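Notes follow the structure.
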Amino acid sequence: MSEKATLLTVYRYLPQINCGECGVPSCMVFASKLLNREATPEDCPPLKDLKYKEQMARLAELLAPPIKEVAIGVGENMVKIGGEEVMYRHKLTYHNPTAIAIDVSDKMDDKKIVEICKAVEAFTLVRIGERLKLDMIAVRCASKDPDRFAFVTSLIERSCKLPLILCSFEPKVLKVALEKGEVADKRPLLYAATEDNWKEVSELSKQYDCPVAVFAPNNITLLKSLIKTLKAMGIHDMVMDLGAYTEGRLLKETINNLVMVRRAAIQRRDKDVGYPVMAIPATVWISDKLDPMTTSYREAYMASLFMNRYADLLIMHTLDVWSLLPVLTLRQNIYTDPRKPVSVEAGLRTIGSPKAESPVLLTTNFSLTYYTVANDIESSGIDCYLLVVDTEGLAVEVSVAGGQLTSAGVKDLFSSVGIEEKVKHHKLIIPGLAARLKGDIEDTTNWEVLVGPRDSSQIKGFLAKNWAVG
Amino acid sequence: MGEKEARILGKNLIELLEKFGDIELDNVEIRAEELTFLIQPVISSLAQAPQLVPRVVEKEIEALLEAEFSPPIEVYPGEIAEVQIGATKSDGGSRRKVIKIGGAKTMPFYSFEATNQNKPVLAVDVFDMPITLAKAVKQHFKDVMADPADWAKKYVEDFDADIISLNLISTDPLIKDTSPKDAAKTVEQVLQAVDVPLIIGGSGNKAKDPLVLEAAAEVLSGERCVLNSANVDNDYKRIVKAAKQYGHAVIAFTPMDINNQKKLNRYLLDEGLPKEQIIMDPTTAALGYGLDYTLSLMERIKLAGLLGDSDLQMPIVAPSSNAWGAREAWMKSEEWGPREFRGPLWETITTITVMVSGADLFMLSHPATVRVVRKLIQALYGEVDSEQRIQDWITEIEG
Ligand code: B12
Ligand code: SF4
């Protein structure tokens, strides 16, 4: 059993001089920050001294999460997966969001390949002020022709900057791609080492310093055996693929497998399965006669199922926005920190170019609320002031029910942002769900309060009816 | 505080720390903040020089190394109670079959360690008057929405619903103020029209719901239905009384808080309603609108029950049709693509997420979700054979 990270064991490796250079008063507090992942060993300047070299290395080892963090690609678009420490997010938080790769085949014509890659790279949906994006390209060698594959790899490399997954069970194919595909120094994920090819593939992984996927469909013992072997050969960055079946009895096994390896790694500290896992919902597209809409639908909910059960990397095929949007939204949900609501700064926002007679609207500082409201107002081209009250990051109804949204809070905000100097009128529009507070706010602020619609998408219509623009 | 006291205190704390070395990290943080300077001197004397072990050297490898893996099985001291919904003739009711939920011995679908005997169950929403529904849902029920009995029938016959969840929203004083007596008539009509068990929901009006549910409970006497819901805002004692008198189960609803859920369960238990007649509704928020809270809440509740907290050992109901409240589910948008697919998918993914997090019973709106989730459950219970081959996915995917 390896040493376990506790406050004391971590503290032991620190310089123990309480110099405060790390920004907290003592090494003990710094140790607790390390444990909570609010700092890394590099944040302690004295520790970087050469005499602490071994200490530093041990500390890194000690703090290493039970699921290794694996980086794919290089530079700004590098993707990190894994690094998880808990089975359930309420125990801490999940760490690296599931990465999503979209596949292309080297049998597609060049134009289509470039088109897909550019579309994946440019893919953007904005939700709660955050860009929901796709992360990687998985390029499949369907042609079985190493030269074609190498050509396609370099074509992709030149047309987009996303990290790649090179998919072939033929070591030769991977080799030629690494030699001629212009990705030798880009750390693509090699997919995959198997029972049959592990030797050659792991040589490539070592030679080119690439992370490697280990494929052992529905066979954890084999998977472990492969990992042990690769580890002994000096390979550290691996991703596990136990084969994600999408139907029947084998789906049952798949879910069991995903849970078992994660639990063995986290609870039993079994380091041989302490790597991120991948799943390939794109396999729903294996068949001749598929209806594209229902298959996209299926792929999306299978992806969601696997994401709910620990998949750190998914390879998908669809590019339909209606099918990707819920998957990416789920990812955003699962990977928020359950310990704190996501909030924005309170204060006054100007939207468009408001004047002295423009409306003043009120909302809360819960990110979801704020961004939804701000987007709705912006997209309907309204010029106005938006007052964002600090409700400790809670939504409208929640903060009304829990007492974080109060007339006193509104009054304070009024004076701190000086709203009275900015507009000539004394009229405030509050969310429909805060109607209860109308009287209170009127009494404390002496402003007239108009109760707006319940949903911010109706603000435009509401203003058209109730706000005479001067 | 003198230095000596501080040392002693510090030492005790250290012992505590050593003892609870592997408690959850967030607890460690609290302790650490309190400790800061206090225990510094003691710790310095305790902390020994780290033991440095030599690193492993790489070797030349010819064959695969052996490995063993045994499933990491856990045994839980607790078990979720089993709730029976519906009664057949021999039980004093008139339903085709009885449905059981709960009885779980492990987390959903962890079949490597235990079998959860009862599969998740799918109820569908029917309303006692036509209401505003998303277009994608409405298109399937336009012709039957005027009559809840027809609506229920269609859902059972065409889409194989396990349970009908009849929502008597017209009883709301601000809507139609339908009397409890008239509402009970609707309940009877639906009961006659279908042979599956029923869940009866009120309008959410705190004053009226207990009366409506009581009247419904009476006409359903012996059918072992589910009354939705008892909560701290309404006269839950009255609802519990009706459930006991006429033999029904009750949904205990709380908005998003494990402690409040526990409290309410306790109230119902104290009224003499057994665990076997309680179903928890801890609130199901839509994907993108609080689903993160819901999923962690359900996992916490289920784990607490399995670990032996007897106030949280009831099965969970998830009205995941709440997914339709998300604008991404119903709103027309060029950017987001066709809502005919987007909407049901939003409900499907919300449902799957709460299903793996611990919910046992679902209330759904769209037939596609019913179909998909039903098939998924069968697969996850190993009831469907499959020869699926994915080994050659690299070459076999179309396109
Ligand atoms: C997620 C959630 C929580 C999360 C909070 C997450 C957060 N950061 O806010 C948690 C778990 C913490 C929580 C706790 C509680 N919750 Co809660 N919660 C919800 C839930 C499921 C979703 C809320 C949400 O995120 N909505 C999405 C955001 C974007 O909506 P919004 O802020 O209202 O913004 C919209 C509109 O208000 C409007 N709008 C916003 N600003 C403006 C401005 C203008 C000018 C206009 C015109 C419009 C407008 O447009 C926005 C977009 O549509 C709702 C149920 C539901 N489905 O609505 C219950 C709900 C709000 N919660 C409820 C309750 C009772 C509570 C608790 C009091 C329960 C308790 N444990 O005691 C606590 C309160 C905690 C506290 N305040 O201290 C009740 C409220 C009942 C009521 N009417 O009073 C609800 C409705 C559940 C229910 N059915 O009972 N909750
Ligand atoms: S910088 Fe390092 S040595 Fe200085 S107090 Fe922080 S942890 Fe201790």
Restricting segment B:238-258 to residues that are surrounded by fewer than 20 Cβ atoms within 10 Å (Cβ to Cβ) and closer than 16 Å to residue B:204 by Cα, which is farthest from ligand 2 (Cβ to nearest atom)?
B:238
Name the one entry in A:4, A:48, A:53 that is basic (Lys, Arg), within 16 Å of ligand 2 (Cβ to nearest atom) and within 14 Å of another protein chain (Cβ to nearest Cβ).
A:53
Considering only segment B:305-325, state which residues are without any contact (Cβ under 8 Å) to a residue 60 or more places away in the chain and in contact with a helix residue (DSSP H, G or I) (Cβ under 7 Å, 6 or more places away or on another chain).
B:311, B:312, B:316, B:318, B:320, B:323
Quick one: what pairs do we get from segment B:71-86, first residue in contact (Cβ under 8 Å) with a residue 40 or more places away in the chain, second open to solvent by 60 Å² or more (accessible area, probe 1.4 Å), C-beta under 6 Å, 6+ apart or different chains?
B:78/B:307; B:79/B:105; B:81/B:276; B:82/B:100; B:83/B:276; B:84/B:100
Filter segment A:43-72 down to residues that are among the charged types (D, E, K, R) and more than 28 Å from residue A:205 (Cα to Cα) and give me whichever is modelled with the highest pLDDT.
A:43
Sole residue being open to solvent by 10 Å² or more (accessible area, probe 1.4 Å), of a type in the set (A, V, I, L, M) and touching a residue at least 24 places away in the same chain (Cβ under 8 Å), chosen from A:155, A:125, A:132
A:155
Only one of (1) more than 9 Å from chain B (Cβ to nearest Cβ); (2) among the hydroxyl-bearing types (Ser, Thr, Tyr); (3) over 30 Å from residue B:397 (Cβ atoms); (4) part of a loop (DSSP other than H, G, I, E, B) does not apply to residue A:310, and that is (3)
If you scan segment B:287-306, which residues turn out to be surrounded by fewer than 24 Cβ atoms within 10 Å (Cβ to Cβ) and outside any helix (DSSP H, G or I)?
B:289, B:290
Return the residues of segment B:90-111 that are farther than 21 Å from residue B:308 by Cα and open to solvent by less than 40 Å² (accessible area, probe 1.4 Å); say none if nothing qualifies.
B:93, B:95, B:99
List the residue pairs whose Cβ atoms are under 6 Å apart, where the first residue sits in segment A:207-234 and is free of Cβ contacts under 8 Å to residues at least 60 places away in the same chain and more than 28 Å from residue A:250 (Cβ to Cβ), the second is part of a loop (DSSP other than H, G, I, E, B) and β-branched (Val, Ile, Thr), and the two are 6 or more positions apart or on different chains.
A:232/B:61; A:233/B:61
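Taking strands (runs of 3 or more DSSP E) that do not extend beyond segment A:119-178, which have at least 1 residues that are modelled with pLDDT of 95 or more? Explain how you work it out, then say what you get.
Values: elements: A:125-127, A:130-132, A:136-140, A:164-167.
The qualifying strands (runs of 3 or more DSSP E) are A:130-132, A:136-140, A:164-167.
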Just name the residue that is surrounded by the fewest Cβ atoms within 10 Å (Cβ to Cβ) out of those in segment A:371-388 that are away from chain B (no Cβ under 14 Å) and either near ligand 1 (Cβ under 10 Å from one of its atoms) or more than 21 Å from residue A:423 (Cβ to Cβ) (or both).
A:374
From the list B:281, B:270, B:233, exactly one residue is open to solvent by 70 Å² or more (accessible area, probe 1.4 Å), of a type outside the set (Lys, Arg) and more than 14 Å from chain A (Cβ to nearest Cβ). Which is it?
B:270
Count - residues of segment A:233-244 that are modelled with pLDDT under 95 and more than 17 Å from residue A:70 (Cβ to Cβ):
1
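Looking at residue A:185, is it more than 11 Å from chain B (Cβ to nearest Cβ), surrounded by fewer than 16 Cβ atoms within 10 Å (Cβ to Cβ) and closer than 19 Å to residue A:108 by Cβ? Give the derivation first.
Working: more than 11 Å from chain B (Cβ to nearest Cβ): yes; surrounded by fewer than 16 Cβ atoms within 10 Å (Cβ to Cβ): yes; closer than 19 Å to residue A:108 by Cβ: no.
Judged against the criteria, residue A:185 is not a match.
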In segment B:241-289, the residues that are farther than 19 Å from residue B:308 by Cα and touching a strand residue (DSSP E or B) at 6+ places or on another chain (Cβ under 6 Å)
B:243, B:248, B:249, B:250, B:251, B:252, B:253, B:281, B:284
Quick one: residue A:271 ticks every box in (1) under 22 Å from residue A:65 (Cα atoms); (2) open to solvent by less than 20 Å² (accessible area, probe 1.4 Å) bar one, so which box is it?
(2)
So in segment A:7-45, with the set limited to residues that are within 22 Å of residue A:83 (Cβ to Cβ) and basic (Lys, Arg), which one is nearest to ligand 2 (Cβ to nearest atom)?
A:33
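Would you check if there is a residue in segment B:248-258 being more than 22 Å from the chain's Cα centre (by Cα) and over 25 Å from residue B:122 (Cβ atoms)? Spell out the reasoning first.
Here is the first cut: in segment B:248-258, the ones more than 22 Å from the chain's Cα centre (by Cα) are none.
Within segment B:248-258, not a single residue is more than 22 Å from the chain's Cα centre (by Cα) and over 25 Å from residue B:122 (Cβ atoms).
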Residue A:26 fails exactly one of (1) at positive phi; (2) small (Gly, Ala, Ser); (3) free of Cβ contacts under 8 Å to residues at least 12 places away in the same chain, namely (1)
Does residue B:135 count as open to solvent by 60 Å² or more (accessible area, probe 1.4 Å), of a type outside the set (A, V, I, L, M) and over 21 Å from residue B:196 (Cβ atoms)?
yes
Is it the case that segment A:421-438 has a residue that's modelled with pLDDT under 95, more than 26 Å from residue A:352 (Cβ to Cβ) and in contact with a Phe, Trp or Tyr (Cβ under 7 Å, 6 or more places away or on another chain)?
no
Report the residue count in segment A:266-302 for those that are touching a helix residue (DSSP H, G or I) at 6+ places or on another chain (Cβ under 7 Å), over 28 Å from residue B:342 (Cβ atoms) and within 7 Å of another protein chain (Cβ to nearest Cβ).
1
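It is to be established whether one or more residues within segment A:353-364 are more than 28 Å from residue A:73 (Cβ to Cβ), more than 10 Å from ligand 1 (Cβ to nearest atom) and crowded, with 21+ Cβ neighbours inside 10 Å.
Step one: filter segment A:353-364 for residues more than 28 Å from residue A:73 (Cβ to Cβ), giving A:353-364.
Adding the requirement that they be more than 10 Å from ligand 1 (Cβ to nearest atom) leaves A:353-358.
Checking which are crowded, with 21+ Cβ neighbours inside 10 Å leaves us with A:358.
Within segment A:353-364, one or more residues are more than 28 Å from residue A:73 (Cβ to Cβ), more than 10 Å from ligand 1 (Cβ to nearest atom) and crowded, with 21+ Cβ neighbours inside 10 Å.
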Which ranges mark the helices (runs of 4 or more DSSP H) fully within segment B:338-399 that have 2 or more residues being more than 9 Å from every other protein chain (Cβ to nearest Cβ)?
B:339-357, B:367-380
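The values are calculated or read from the model by the stated rules, or taken from the named source; none is laboratory data. Quick caveat: nothing in here was measured; it's all calculated off a predicted structure. So basically every Cβ, Gly included, is an ideal-geometry build from the backbone, and we count neighbours across all protein chains shown. With ligands, DNA and RNA removed, areas are computed over all heavy atoms of the protein, side chains included. Shrake-Rupley method; radii C 1.70, N 1.55, O 1.52, S 1.80 Å.
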